[in-house]
Structure formats: structure tokens, C-alpha cells
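Student: This is the structure I want to talk about, given as C-alpha cells.
A short reminder: the numbers here are calculations on the coordinates, not readings from a lab. This structure is a prediction, so every number in the text was calculated from the model and none was measured. In this analysis, Cβ positions are derived from the backbone assuming ideal geometry, glycine residues included, and neighbour counts consider all displayed protein chains.
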Amino acid sequence: MGTGQQRIDQIADIEFHGKVPSKIAAYAVATQRLAHDLARELEEGANGAEAAMRQLKGHPLLMGVDVKARAWRVARHLREARELVLGISAEAVKFNLQFRQEFLEAMANQARDTKGKDYKGKVDL
């Protein structure tokens, strides 16, 4: 595990030059790791915040207030953010799979020899 900034820098350092499939796979994996780290942190934050708010039960300024329900409603926003971040992770996987479907499987249908020796592109499969 690294810090969030290190994860973001790692993602930013991946440039789509040279062999594109390996770069796309690396980008997807790095994005997925960042998302899982952030999701884990948001879950811990939600649990910690809710626990702290529940300790306010019995406070003189909160008499007659359902502290447990309010704490849950407040912490719910962090849990919803966690779900969104897990969606980022899922979309990163789909990004890699879609690339493979659109390009690598199409290329597998053709012989690698037919690529042509005159291809002068900056990226390659």
C-alpha cells in the first residue's frame, strides 16, 4: 500500500506509448488499487464517525434527540461515497476488458503476419 498521492502519481506516470495492452492493464490495476484503498478508508471513516457521534448520547444539549439515527444518517454519506469509489474500481476493470474485446480479440482473428511491415505508428499491440 502507498499513500493516496503516491497511488495517483503512479497512475499519472503510466503513459500510453509503446505496447498499449500492457499499459492499459497497468492503468486499470493501478486505478483499481487506488479505489480499493479509498473505499477502505471511507468505510473506516464512516464507522469511526458514527461511533463518535453515538457517544454524544446523553449530552445535555441533545436531550430528546435520537442520536443513533442521526449518527447513522450522517455516516451514510461516507458509506455512499464508498459505494461510488467501488464503482470506479469496477469501471477500471471494464475499461481493460472492453479494450481487450475491441482490439485484442479482433486482432486474434487475423494473423499477426498481416500486420504489415510498413506500420509506422507510435503505439503497437
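Student: Please compute the net charge surrounding Arg82, taking Lys and Arg as +1 and Asp and Glu as -1 over other residues with Cβ under 9 Å from its Cβ. Before the final figure, lay out each step's value.
Tutor: Details: positive: Arg40, Arg79; negative: Glu41, Glu43, Glu80, Glu83.
Result for the local shell: -2.
Student: On to the next question. Using the per-residue mean of other Cβ atoms lying within 10 Å as a proxy for protection, in what order, highest first, do the peptides 24-30, 11-17 fall?
Tutor: On the way: 24-30: 17.9, 11-17: 11.6.
In decreasing order of mean packing, 24-30, 11-17 become 24-30, 11-17.
Student: Now for a different question. Using the alpha-carbon centroid of each, what span in Å lies between region 71-91 and region 18-54?
Tutor: 11 Å
Student: Mean 1/r over all different Cα pairs, inverted: what Kirkwood radius does region 1-54 give, in Å?
Tutor: Working: mean 1/r = 0.0788 Å⁻¹.
Across region 1-54, the inverse of the average 1/r is 12.7 Å.
Student: Using only Cα atoms and rounding to the nearest 10 degrees, what angle (0 to 90) does helix 20-54 make with the longest principal axis of the chain?
Tutor: The angle comes out at about 0 degrees.
Student: Using just the helices of the chain, give the 222 nm mean residue ellipticity in deg cm²/dmol: DSSP H runs with n ≥ 4 each add -39,500 (n - 2.57), and the total is spread over all residues, rounded to 500.
Tutor: Working: 4 runs with 82 residues, N = 125.
-22500 deg cm²/dmol, from helical runs alone.
Student: Computed FRET efficiency, Cβ-Cβ of Asp124 and Phe95, R0 25 Å: what is it to the nearest 0.05? Spell out each step's value before the answer.
Tutor: Working: r = 19 Å, r/R0 = 0.77.
In this case the efficiency is close to 0.80.
Student: What is the angle, in °, between the Cα long axis of helix 67-99 and the longest principal axis of the Cα atoms in the chain? Nearest 10 is fine, range 0 to 90.
Tutor: 0 degrees
Student: State the three equivalent ellipsoid semi-axes of the chain, derived from the C-alpha gyration tensor as the square roots of 5 times its eigenvalues, in descending order and whole Å. Intermediate values should be presented prior to the final figure.
Tutor: Values: eigenvalues 480, 40, 11 Å².
Output for the chain: semi-axes of 49, 14, 7 Å.
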